[in-house]
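Data first, discussion second: the structure below is written as C-alpha cells.
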Ligand SMILES: [Fe+2]
C-alpha cells in the first residue's frame, strides 16, 4: 500500500506538470501568434500612413514640382533633407526617371524595400514624368513600435512586401516554470489527500460493516433491516432535496444505526416475549453505545451523532437524551421515520407485519417529523 500511494503521488505530479505545461505553452503560443498578426498590421499601417503624409506634404506641391522641372538642386536637396529629418525610417532619397500608378507604391527589390512617389502639382492633377525613390528601413519602424526582442524578416506576398515578426523571447519564462512545478506539487498533494480520504472512508465503512456482520450473528433481524433502513432513508433525503454529501452521511448512519446492539445481551435482543422494564432500559442504551463505536472513526463524527439520535422523538419522549424537535438533526429525523416504517412493515416474533395503510396510520400518530412521513408516503405510493 505504501508503494502504491508513493507511485500514485509521483504520477499525479507528472500529470500536473504535463497539464500545466501544455496549458501555458498553448496559451502563450496563441497569444504570440496574435501579437505577430497585430504587429504586421501595425507595421503596415505605420508605413502607409507615413508614406501617404510624405506624398501629400512634399510631392503634391507646386513649388516642388516646378523645382524639379527647373532642376533647382538647392530647393530639391533642402526638401530631401527635411524629409530625412522628418521620417527617420527613410535611409536614402533621390530623383529618378519612371512612372508610378497613383500617389506612391511600395516594392521589394533584392531584400531592400523601396517606395516610389509620383510628383504632382498642388491640386494632384498634373503628374511629372519623374519620380522620387526612397529606401525604407523596416527595422527603424519596428524599433519605434516594439522593443529589441522583436525580430523580423521580409517576405513577399501578392507582389507587395510584408514583414513577418518573430518575437524573440522564450515561450515560457522562469515564472511559468515555477508555476508549472507548483501546480505539479498541488496535484500531488491534493490527489494524495483525496486518495487517502477515499481509501480511509472505504476501509472505515468496511470495518464498520464487519462489526455489523458480527452483530447479525447475534441479532438476526438487524443486518437486513439496516440495509433497508439506509436505502429508505436516502430515498426520503433525495426526495426532500438534501445535498449529496448529506445523503452519503445518512446512508452510513442508516447502515450503522443499530451497531450499538453488539453491546447488548443476546438473550434480551432475541427475546420472543415482552421485555421487562429493566431489559428495555438496557435496549435503550444501544444508540449511545453505537455513538461511542462510530465516533471513534475519523470523519464519521456527524454520522455518529445521527446514530445517537435515531430513537429521539420531537416531543422529548425519545431516548437516550429526550431531545426536543429543534435539538435533533434533520438527518436523524429522517432515519427515525425510515427505521420505524421498516420495523413495523416486517414480521416480528411477537406480531405480524403491518399493512402499508396501518403503518401510515401509526406514523401519523407519532411525535415524529410529519413532512418526512409525507415524503415517505409519496415514495411508497409511487412504488405501488
Ligand atoms: Fe435502533
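List of remarks:
- Here, the chain yields an orientationally averaged convex hull projection of 35.0 nm² when only Cα atoms define the hull.
- Inverting the pair-averaged 1/r between distinct Cα atoms of segment 2-172 gives 19.2 Å as its Kirkwood hydrodynamic radius.
- For segment 227-269, average projected area of the Cα convex hull in nm²: 3.3 nm²
- Cβ crowding within 10 Å, taken as a proxy for footprinting-reagent exposure, orders 89, 177 from fewest neighbours to most as 177, 89.
- C-alpha long axis of helix 222-239 to longest principal axis of the chain, angle in °: 40 degrees
- Ordering 133, 294, 17, 372 by the number of other Cβ atoms within 10 Å of each residue's own Cβ, fewest first, gives 133, 17, 372, 294.
- Helix 174-218 vs. the chain, principal-axis angle (Cα, 0 to 90°, nearest 10): 10 degrees
- Calculated [θ] (222 nm, deg cm²/dmol) that DSSP helices of n ≥ 4 give over the chain, each run adding -39,500 (n - 2.57): -19500 deg cm²/dmol
- Largest GNM mean-square fluctuation across 31, 188, 200, computed for the chain with C-alpha springs under 10 Å, falls on 31.
- For segment 200-383: rounded, prolate or oblate by the Cα gyration tensor [a/c cutoff 1.5]: rounded
- Cα long-axis angle, helix 73-86 against the chain (0 to 90 degrees, to the nearest 10): 10 degrees
- Proxy reagent accessibility, fewest Cβ within 10 Å first, across 225, 202: 202, 225
Only the coordinates and a few stated rules stand behind these numbers; no lab work does. As the structure is a computational prediction, the values presented were derived from the model and not from experiment. For neighbour counting, all protein chains shown are included, and Cβ atoms are generated from backbone atoms with ideal geometry for every residue, glycine included.
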